[in-house]
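All remarks here apply to the structure that follows.
The values are calculated or read from the model by the stated rules, or taken from the named source; none is laboratory data. Since the structure is predicted, the reported quantities are computational estimates derived from the model, not experimental observations. A quick note on method: Cβ atoms are made from the backbone with ideal geometry, for glycine too, and the neighbour counts reach across all protein chains shown. In case anyone asks, the SASA skips ligands and DNA or RNA and just uses the protein heavy atoms, side chains included. Shrake-Rupley method; radii C 1.70, N 1.55, O 1.52, S 1.80 Å.
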Amino acid sequence: MKKKVMLVGPNRNIVGGVATHINILTEALEKVGINTDIYELKDYSNKNKLVKKLSDIMKILKIRKSSSNGYLAVHLNPSIYYGSFLKLILTLFFLKHNNIVVQFHGGSFDNLSKLNNSLLKTGVVRILKKAKCFLFLSTDQKEAFLSKFPDLEDFSFIVPNFINTETNFIQKDNKKLSILFLARLVEEKGVLDLINATTKIDEADIEVKIIGEGECKEKILCLIKENQLESKIKFLGAKFGKEKEKHLQEADIYILPSNWKEGIPYTVLEAMKYRAMVLCTPQGGLKDIIIDGYNGIFIEKDAESIARTVKKLISNKPLINTINENAYQYLEKNLSINKAGITFKNIYLRETQY
């Protein structure tokens, strides 16, 4: 009889990193003989806020009742925002299980400044200690958490995102260097810096695709028009599924000149999988998986830095191919779905080799 784990997180069908994580983890655990039941905490309806909050509480109580049904572990997947953190505390308060795993995802522990009160923090730590361990995407995340809750150091570990590395590799034969930006369209992600950088690079050498949605859309379109970059930059809006994969497969370079406190974005892992060379800033978890000059290249969030690096790569396709192959092999060795299954099985079974 297979063991079973309760995974608590968002709807698997929505777009987002946590939902992607739930889907990947479900597949990974199946490979090591562990079944999963998935419970949603968030109310996605159009009800008013009060009704939704009450619905969320009812879901937490349902999880408490269901978690007594012989699960090997209860695996919670909160984001690091104030509301999500409070929901985590409430969930831990009600849960009665001796093997609770808390895995943090996107966001920043800077969002928890309201918890700086020493008396309140003492109560929060007491509830947090109901969890067997806390998992973080990056060294930065873990250190930020421990700066607020130093008593939990012995329970805190770094576990990155994983990805299914199976793919049919398509040899790229672009006449121009194909550069892809695929992320949320906010200034912090560096999309405007990329556009400004393209003004410094000859049109005959590059083609840029921008994919995503967000508050910067109008600024992007205006900047492209003002600089007459329509022939050099293609703004494609949001893309998902097979269409998104197609653009990753075609790209020579995936670029993320971000100053956001990144975890380990799945788009970066997907770029490595499809052998699109990662140019990124050394932010958050990116510092933990990108080895500068080996499986990616670090840049600054600055148009000059971006342009300078891209110009060096235009005439060095062999270097791009080498780094891309290194990136794929790094995924296979360290961040594959098989590695994920073994890692989380060890966590649930209280092994220490993770």
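Computed FRET efficiency, Cβ-Cβ of LEU61 and GLU215, R0 41 Å: what is it to the nearest 0.05?
Taking R0 as 41 Å, the efficiency between LEU61 and GLU215 is 0.65.
Which shape class, rounded, prolate or oblate, goes with region 174-239 when its Cα gyration tensor gives a ≥ b ≥ c as root eigenvalues, a/c under 1.5 marks rounded, and past that a/b bigger than b/c marks prolate? Mind showing how you got there, number by number?
Numbers: a/c = 1.85, a/b = 1.42, b/c = 1.31.
Prolate is the answer for region 174-239, as a/c is 1.5 or above and a/b outweighs b/c.
Using the beta-carbon distance between PHE94 and GLU243 and R0 = 45 Å, what value does 1/(1 + (r/R0)^6) give for FRET efficiency, to the nearest 0.05?
On the way: r = 42 Å, r/R0 = 0.92.
Given R0 = 45 Å and the Cβ-Cβ separation, E is 0.60.
For LYS225, list the lysines whose Cα falls under 17 Å from its own Cα; do not include residues on the same chain fewer than 8 positions away.
Qualifying lysines at Cα under 17 Å: LYS200, LYS209, LYS217, LYS234.
Heavy-atom accessible area per residue, the chain, 1.4 Å probe: how many Å²? Spell out each step's value before the answer.
Values: 16950 Å² over 354 residues.
Accessible area per residue: 48 Å².
Using the Cβ atoms and a cut-off under 11 Å, what net charge is assigned to the surroundings of ASP302, where Lys and Arg are +1 and Asp and Glu are -1?
Details: positive: LYS301, ARG308; negative: ASP193, GLU300, GLU304.
The answer is -1.
Sequence gap at least 6, Cα distance under 8 Å: using those rules, report the relative contact order of the chain to the nearest whole percent.
On the way: 612 pairs, mean separation 58.1, N = 354.
That works out to 16 percent.
What's the ranking of 62-69, 259-266, 48-55 by average number of surrounding C-beta atoms within 10 Å, highest first?
Values: 62-69: 13.9, 259-266: 21.2, 48-55: 11.6.
Going from most to least packed, we get 259-266, 62-69, 48-55.
Would you calculate the separation in nanometres between label points at LEU349 and LYS234, each defined as 7 Å from the Cα along the Cα-to-beta-carbon direction?
Those two pseudo-labels are separated by 4.8 nm.
Out of SER305, SER178, SER113, any idea which swings most in a Gaussian network model of the chain, alpha carbons joined below 10 Å?
Of SER305, SER178, SER113, the Gaussian network model singles out SER113 as fluctuating most.
Greater than 24 Å separation of Cα atoms is the criterion. Which listed pairs, LYS3/LYS53; LYS49/LYS114; LYS287/LYS345, meet it? Each step should come with its number before you reach the end.
Working: LYS3/LYS53 32 Å; LYS49/LYS114 21 Å; LYS287/LYS345 26 Å.
Flagged as over cut-off: LYS3/LYS53; LYS287/LYS345.
Using a cut-off of 11 Å between beta-carbons, work out the net charge of the residues near TRP260 (Lys and Arg +1, Asp and Glu -1, TRP260 not included). Write out the running numbers ahead of the final one.
Working: positive: ARG184, LYS189, LYS261, LYS301; negative: GLU187, GLU188, GLU262.
So the surrounding residues net to +1.
What residues from region 234-274 fall in the zone where the backbone N is under 18 Å from a label point 7 Å along the Cα-to-C-beta line of PHE169?
246, 248-254, 269-274
If I stretch the segment between ARG308 and ILE14 completely, what's the gain in nm (0.36 nm per residue apart, minus their alpha carbon distance), one decimal? Don't skip to the end; give the middle numbers.
Details: separation 294, 0.36 × 294 = 105.84 nm, distance 3.78 nm.
Stretched fully, the ARG308-ILE14 segment lengthens by 102.1 nm.
For semi-axes √(5λ) of the Cα gyration tensor in Å, which listed value, (i) 38, 22, 19; (ii) 34, 24, 20; (iii) 31, 25, 21, comes from the coordinates shown?
Given (i) 38, 22, 19; (ii) 34, 24, 20; (iii) 31, 25, 21, the calculated one carries the label (i).
Express in nm, to one decimal, how much length is gained between ASN116 and LEU50 on full extension, taking 0.36 nm for each residue of separation and deducting their alpha carbon distance. Before the final figure, lay out each step's value.
Details: separation 66, 0.36 × 66 = 23.76 nm, distance 2.66 nm.
Gain in length upon complete extension: 21.1 nm.
Gaussian network model of the chain, Cα springs within a sub-10 Å range: biggest mean-square fluctuation belongs to which of GLY212, GLY284, GLY123?
The residue with the greatest mean-square fluctuation here is GLY123.
With springs only between Cα atoms under 10 Å, which of PHE157, PHE181, PHE136 fluctuates most in a Gaussian network model of the chain?
PHE157
With a point put 7 Å past each Cα toward its Cβ, work out how far GLU332 is from ASN35 in nm, to one decimal.
So the label points at GLU332 and ASN35 sit 3.4 nm apart.
Using a 1.4 Å probe on the protein heavy atoms, what percent of the accessible area of the chain belongs to carbon and sulfur?
Working: 8550 of 16950 Å².
Roughly 50 percent of what the probe reaches on the chain is carbon or sulfur.
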